[in-house]
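Read the structure below first, then the notes.
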Amino acid sequence: MAAPSPAELDDLSLACQRVWDLDANRLTPGVDYVINLQQPKRAFNQTDVADQNLFTFVNPTVLQRTNYRLYCALLDNYTKITGTAEQGTAVEMKETSDFLDFVIASQPMTYVHKYLVAKQLASPNVAEFKKQLHQMWFSLYSREVRDDSCGFEHVFVGEVDQGKVSGFHNWLQFHLQEARGLSNYGGYLLPRGARGVQEPVDEAERLISIQFGWGAESKDVSSIWIGTSPEFELALYSLCFLAGQEENLVQIAGYQVKIRCYRIRSKYGDKVGSTFPELLSKIPGARIEAVGAGWGFIPAAPGMLGL
């Protein structure tokens, strides 16, 4: 795989787009899954404006693919209520190790590793890089009591903290919870375009902001990627966490996005307190269309309307 270009090393946004381009395991809208956005709303509106599920179809064979199977194996390893210490078993530690092995060998994370090595932010040794990722994402820390949380749990699984949903930024976890009747989609929030103009939204969106309930608790705003692979998301967030700032304004797949990164300081290496995308707008004059096995961002020709 080609190393990061000088332009990408100088521009985090270009590097983030490259990580997107390398997501070979991204699912195809309308083929692998179907979403039903229903009604838009504003963040202050707490009314449920969606009568139906967000996901109307996800091909069950998708979950048998190695990356999704390894990811799903981690989802039952955590207690969602903060204040309860996590008790990792040998089986769960093996599941975590297997997942990291797959992610590190994937195209998105291989690129990120090379990027970080070039920036002197990671060791070129793969075993050492794995330790760094494990420290960031899976080492436990305290939210309410000792060892009751970690970055992966917060971002990819979700937590309930003081009666509110906290974290929970992954589409597949949302779908799985929705399919079991445990999460309730309440509608999506319209992204704002240039000068307040609303860019049209459709079922091919790759990044949406939603409101939802999880059990008895709710989340006012959560931006989530749709149909992306877990290795893409872990690579993207790791890149921004290690090479970026607390707020990283980037353009990915036709969206202007702010990737927020919050850290837990540790003498052994900082841990992910939270990291997530904040959807700012769809880029005017850009469109998302099918490209090969996945979907990509294609700049619009002059005069072309954004979809």
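Please treat every number below as a calculation from the coordinates, not as lab data. This structure is a prediction, so every number in the text was calculated from the model and none was measured. Cβ atoms come from the backbone with ideal geometry, glycine included; neighbour counts cover every protein chain shown.
Considering only 181, 254, 227, the mean-square fluctuation computed in a Gaussian network model of the chain, springs between alpha carbons under 10 angstrom, is largest for 181.
Residue 89: net charge of surrounding residues, Cβ under 13 Å, Lys/Arg +1, Asp/Glu -1, itself excluded? Let's see the in-between values first.
Numbers: positive: 94; negative: 76, 86, 92, 95.
Result for the neighbourhood of residue 89: -3.
For each pair in 114/258; 130/282; 80/130; 41/164; 114/164; 119/271, compute the distance between the two Cα atoms and list the pairs where it is over 31 Å. Show your work: numbers first, answer last.
Numbers: 114/258 23 Å; 130/282 34 Å; 80/130 25 Å; 41/164 20 Å; 114/164 38 Å; 119/271 19 Å.
Flagged as over cut-off: 130/282; 114/164.
If R0 is taken as 30 Å, the Cβ-Cβ distance between residue 131 and residue 262 corresponds to a FRET efficiency of 0.90.
Quick one: dipole size for the range 6-299, taken about the Cα centre, charges +1 on Lys/Arg Cβ and -1 on Asp/Glu Cβ, in debye to the nearest 20.
Values: 28 positive and 35 negative charges, 92 e Å.
It works out to roughly 440 debye.
Sorting the segments 182-191, 257-266, 39-48 by their mean number of nearby beta carbons within 10 angstrom, highest to lowest, gives 182-191, 257-266, 39-48.
Note on the chain: with a GNM built from Cα contacts shorter than 10 Å, the maximum mean-square fluctuation among 82, 28, 66 falls on 66.
Once the Cβ-Cβ distance between residue 2 and residue 69 is put in as r, and R0 is 35 Å, what FRET efficiency do you end up with, to the nearest 0.05?
Approximately 0.75, to the nearest 0.05.
The range 89-123 and the range 203-244 have Cα centres spaced 19 Å apart.
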